[in-house]
Amino acid sequence: MSDFFMHTLPVLLPLFALQFDISYSQSALIFTVFSVMSYILQPLIGIWADRRNITKLLPITISLAALLVSLVGWFNSYTLLICVLLLSGLCSSFFHPLSAGVIPSIFPQKARGLATSVYIAGGNAGAALAPLVTAAFISLLSEQYLILLALPAFATSLLMVSRNLHHRVLSAPRQGKGRENEVSFLALVRSRDFVLLNLSICLRAWPHCALITFLPLLYASLNFSTVDGATALVLLLTGAVAGGLLAGALTDYCSLRRILLCSYALIILFCFIFLSHPDNTLLSYVLLFCSGGALYAAIPVGVVWGQRLMPQHASFAGSMMMGFSFGAGFVLTPLTGLMADHSNLTDALMYSALPPVVIALIILLFVHEPRTVTKLV
């Protein structure tokens, strides 16, 4: 439910573009404002979560973020819309650091990769359903009634409370009174491997975020229907579910670097072929599904790799890979919009995909991999 409401906005962007008469770059700004608040703050919240048990905030953040996103159809002011999305993004920013910190306390080390991939697949499933459900909902009713979509989020919050997840102890009490167990951005800077790994994941996030933001607009610009654009986005996000599950399961047995290198190579291949001639044919939809899988495969691998590099700070490491990287990707997404304003959206997406992923692949070659897998192949 958390990721569902983070991915309703791309379907609404064409409506906002018409309502407020805004450009590609201004359309991207709407999603960027929400996404930056949702992702960039996560490392700070992760630091807080590693020091204090604040999981009691989990159910509140899900319901409040859903409520605020559902209210966007009620505003006629572009400025007011941005302010509401800022607040909603702030609520969403709490979810991933808190929930990522819970995972290591639930599952044993030998199943950590699979557990992480299943957890991430849940978010991807919500994200994949969001465009199709939102588009169908607006077609049947209108954006004025989006508040009804928040009801499942409220039910989810109640379920979390009933399962006592909001009181879960994230880790055992740490010994000592010094600062050796504290984590900060200074600790991040000192970890060369963690910095390089996160930089690689951030560069890979740019094409992922750009596609999520602009796919419906791309199909609209090519005179395809809203349903075609929503279908394309659903297939991209559904592919992310499959890619995340597969890559996460492989982390328990395979070299993390090898999985990431293969995923990067596939990103370059699939995105190049799709963007060479985007349309609503079966081939394009298959390529989008495969692109989504290759793009998102890096996330569960990055989370496991980051938590192995910083094992005492699971919330911080997880929030950097899942939160900060996507925040950086969405910060870069308006550059895609600017390029589209001066050329066309297809070329802009191509420029946003290929060079960054090639650089990300090169950076990954210099990252040390902890040898703690069950069976290395």
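Here, each number is a calculation from the coordinates, and none is a lab measurement. Please read these numbers as outputs of a predicted model, since none were measured by experiment. Cβ: placed from backbone, ideal geometry, glycine included. Neighbour counts: every protein chain shown.
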Contour minus Cα-Cα span, residue 227 to residue 279, at 0.36 nm per residue, comes to 17.5 nm
Based on the alpha-carbon gyration tensor of region 213-302 and its eigenvalue square roots a ≥ b ≥ c, which shape applies: rounded if a/c is under 1.5, prolate if not and a/b is larger than b/c, or oblate? prolate
Karplus couplings for region 57-69 from phi (6.51 cos²θ - 1.76 cosθ + 1.60, θ = phi - 60°), rounded to Hz, Gly and Pro as x? 7, 3, x, 5, 5, 5, 5, 5, 4, 4, 4, 5, 4
Angle, helix 325-342 long axis vs. longest principal axis of the chain, Cα atoms, 0 to 90°, nearest 10? 30 degrees
Per its Cα gyration tensor (rounded if a/c is under 1.5, else prolate when a/b beats b/c, else oblate), region 1-139 is best filed as prolate
Working from Cα positions, state the angle (0 to 90°, nearest 10) between the long axis of helix 256-276 and the longest principal axis of the chain. 10 degrees
Pick from 152, 356, 14: which residue has the top mean-square fluctuation in a GNM of the chain where Cα pairs under 10 Å get a spring? 152
Whole-Hz couplings from phi, Karplus 6.51/-1.76/1.60, listed for region 354-366; x for Gly and Pro: 6, x, x, 6, 4, 5, 4, 5, 5, 4, 4, 5, 9
Quick check: residue separation of residue 265 and residue 21 times 0.36 nm, minus the Cα distance between them. What number comes out in nm? 84.0 nm
By per-residue mean of other Cβ atoms within 10 Å, what is the highest-first order of 50-57, 256-263? 256-263, 50-57
Taking the chain as a Gaussian network, Cα atoms linked when under 10 Å apart, which of 267, 62, 363 shows the biggest mean-square fluctuation? 363
Which residue, 350, 321, 160, has the most motion in a Gaussian network model of the chain that connects Cα atoms within less than 10 Å? 160
Per-residue HN-Hα couplings for region 227-244, Karplus 6.51 cos²θ - 1.76 cosθ + 1.60 at θ = phi - 60°, whole Hz, x for Gly and Pro? 5, 4, x, 5, 4, 4, 5, 4, 5, 4, 6, 5, x, 5, 4, 5, x, x
For residue 342 and residue 155, calculate 0.36 nm times their separation in residues minus their Cα-Cα distance, and state this gained length in nm to one decimal. 62.8 nm
